[in-house]
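The values are calculated or read from the model by the stated rules, or taken from the named source; none is laboratory data. Because the structure is predicted, anything quoted here is derived from the model rather than measured. Cβ atoms come from the backbone with ideal geometry, glycine included; neighbour counts cover every protein chain shown. Each accessible area value is taken on the protein alone, full model and side chains, heavy atoms only, with ligands, DNA and RNA left out. Shrake-Rupley method; radii C 1.70, N 1.55, O 1.52, S 1.80 Å.
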Amino acid sequence: EEKNLTYAFLWRSSYACSTPPMECVVTDEASHTQYDLSSLSRYSQNWQVEDLQDPAHKKRFYINVCQPLRPIPGVSCSVFASVCSTSIDNGKETPLVRNLGRPEMAPVVEKSINGMKLVYSNGDTCQHPDGTVGNFQTTIHLSCVRGIVAGPNAPMLVSPCEYSILWETAAACPVKSVDTTGAMCHVTDPNSNFTFNFMPLYKAEGYDVITQDSRTFKVSICGALQDSICGKFDNKYPTTVCDLGLNNSNSLPMAALLDIDLKYSTQGEMTLIYPGHINHNNGGAKNEIVLNFFCDRTAQSPVITFDGQVFLSTTFKVKTALACAPQPLSCQAQDSMGRQFDLTALARTTDNW
């Protein structure tokens with residue numbers, strides 16, 4: 001259609017469609033156990049692994065979990081694929097199968113390997129042994145192995161149109177919660193064995209948190225504030241959070257340091273709770289101060305913001321690098337000739353060298 005010297009074209013294409021999100025959290029209906037694979041999803045670089053069984057015909061596989069692949073410089077994999085393969089010849093990488101499967105089905109519990117199964121289907125067309133035409137499919141078997149944060153093994157071709165991948169990882173273990181009441185502000189992930197320690201965040205002078213309406217709080221993490229800042233809670237207990245009011249016009253202790261109640265879930269949720277005053281208007285229930293920790297790898301010092309007050313809880317957000325779990329590190333490297341080196345076998349998961 002032409003209007004005012006402008007031509008308008010209607011172009012219908014699957015490339016204009018957004019990819020619907022895939023649920024990466026699954027609950028076993030029989031045991032009510034929850035699993036969460038979202039920590040394996042990549043948002044910048046994909047997982048990659050090489051098949052070196054035939055040195056003369058090297059293959060590289062790019063893999064993502066619960067979502068399509070991220071763009072790969074110099075490699076034209078399908079924008080819909082979660083797995084694709086390339087060939088490497090004299091250092092030059094060219095697409096082999098651009099789409100080995102799409103993320104169309106949520107993961108399912110696979111009790112035989114104590115983990116999860118993720119099936120990517122409707123890949124590029126392929127030919128079965130009987131001559132019929134089908135589509136490539138990739139099945140990833142994620143086995144729960146506590147303490148391991150490594151990447152997947154190389155895919156195996158189990159039929160002309162299907163690849164199978166075994167992936168041993170702590171991410172496939174059931175979600176667990178840990179309550180460390182009385183501990184010294186650290187908690188260990190029971191799946192990865194990594195210990196989160198927030199003690200380095202303690203400052204006796206605390207941190208200033210200013211709300212949008214100019215109300216100021218003094219917040220201490222993993223310890224008490226100096227008595228000179230706010231005095232004692234109930235005139236006898238060390239104070240952890242103090243309400244300084246508008247423009248520092250007040251000095252009200254809000255919470256005491258009795259026990260350090262640090263709660264943790266293997267999904268990455270970490271919460272520190274301080275007990276507050278007894279609220280006689282609500283049957284003697286206690287007010288509480290809640291610090292929710294969030295991972296921010298760029299935060300050299302904690303960034304604390306006021307999150308709000310709901311019923312008996314006053315909540316703060318704490319962004320810190322100490323809340324970040326270790327990222328799986330690729331131990332593979334490639335030289336200019338396309339030769340790949342892999343040090344993964346030297347990684348220790350229980351003790352050190």
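Among the listed residues P152, P129, identify the single one that is part of a loop (DSSP other than H, G, I, E, B), at pLDDT below 90, over 30 Å from F294 (Cβ atoms) and not assigned by the TED database to the domain that holds V318.
After ruling out the rest, the residue left standing is P129.
Would you pick out the residues in the range 43-56 that are of a type outside the set (V, I, T) and either buried (at least 17 other Cβ atoms within 10 Å of the Cβ) or not in a loop (DSSP other than H, G, I, E, B) (or both)?
Those that are of a type outside the set (V, I, T) and either buried (at least 17 other Cβ atoms within 10 Å of the Cβ) or not in a loop (DSSP other than H, G, I, E, B) (or both): N46, W47, Q48, E50, D51.
Can you confirm whether the range 198-213 contains a residue that is out of contact with any His (no Cβ under 7 Å at 6 or more places or on another chain), part of a helix (DSSP H, G or I), of a type in the set (A, V, I, L, M, F, W, C) and open to solvent by less than 40 Å² (accessible area, probe 1.4 Å)?
Checked against the condition, which is being out of contact with any His (no Cβ under 7 Å at 6 or more places or on another chain), part of a helix (DSSP H, G or I), of a type in the set (A, V, I, L, M, F, W, C) and open to solvent by less than 40 Å² (accessible area, probe 1.4 Å), the range 198-213 yields at least one hit.
Hey, among the residues in the range 162-189 that are assigned to a loop (DSSP other than H, G, I, E, B) and open to solvent by 40 Å² or more (accessible area, probe 1.4 Å), which one's modelled with the lowest pLDDT?
Looking at the filtered set, the residue picked out is G182.
Got a sec? Which strands (runs of 3 or more DSSP E) wholly within the range 269-353 have at least 2 residues that are out of contact with any Lys or Arg (no Cβ under 6 Å at 6 or more places or on another chain), at pLDDT 85 or above and crowded, with 18+ Cβ neighbours inside 10 Å?
270-279, 285-295, 303-310, 313-320
Output yes when any residue across the range 151-161 is surrounded by fewer than 16 Cβ atoms within 10 Å (Cβ to Cβ) and either within 30 Å of L244 (Cβ to Cβ) or touching a Cys at 6+ places or on another chain (Cβ under 9 Å) (or both), and no when none is.
Yes, because at least one residue in the range 151-161 is surrounded by fewer than 16 Cβ atoms within 10 Å (Cβ to Cβ) and either within 30 Å of L244 (Cβ to Cβ) or touching a Cys at 6+ places or on another chain (Cβ under 9 Å) (or both).
Can we say K236 is open to solvent by 40 Å² or more (accessible area, probe 1.4 Å) and over 33 Å from the mean Cα position of the chain (by Cα)?
yes
Which residue, of S112, S143, is more than 30 Å from T314 (Cα to Cα) and either open to solvent by 40 Å² or more (accessible area, probe 1.4 Å) or part of a loop (DSSP other than H, G, I, E, B) (or both)?
Exactly one residue qualifies, and that residue is S112.
Exactly one of these conditions fails for G231: (1) in the same structural domain as H128 (by the TED database); (2) on the phi > 0 side of the Ramachandran plot; (3) not hydrophobic (A, V, I, L, M, F, W, C). Give me its number.
The failed condition is (1).
Could we say that L257 is touching a Gly at 6+ places or on another chain (Cβ under 8 Å), open to solvent by 20 Å² or more (accessible area, probe 1.4 Å) and not assigned by the TED database to the domain that holds S87 here?
Criteria met by L257.
State yes or no: is C222 modelled with pLDDT of 85 or more, open to solvent by less than 40 Å² (accessible area, probe 1.4 Å), assigned to a strand (DSSP E or B) and under 26 Å from E269 (Cα atoms)?
no
Could you check, for the range 234-251, whether at least one of its residues is of a type in the set (S, T, N, Q), in contact (Cβ under 8 Å) with a residue 40 or more places away in the chain and either within 16 Å of F316 (Cα to Cα) or in the same structural domain as D36 (by the TED database) (or both)?
Yes: one or more hits.
Restricting attention to the range 142-153, does a residue exist that is within 30 Å of F194 (Cβ to Cβ), basic (K, R) and touching a strand residue (DSSP E or B) at 6+ places or on another chain (Cβ under 8 Å)?
no
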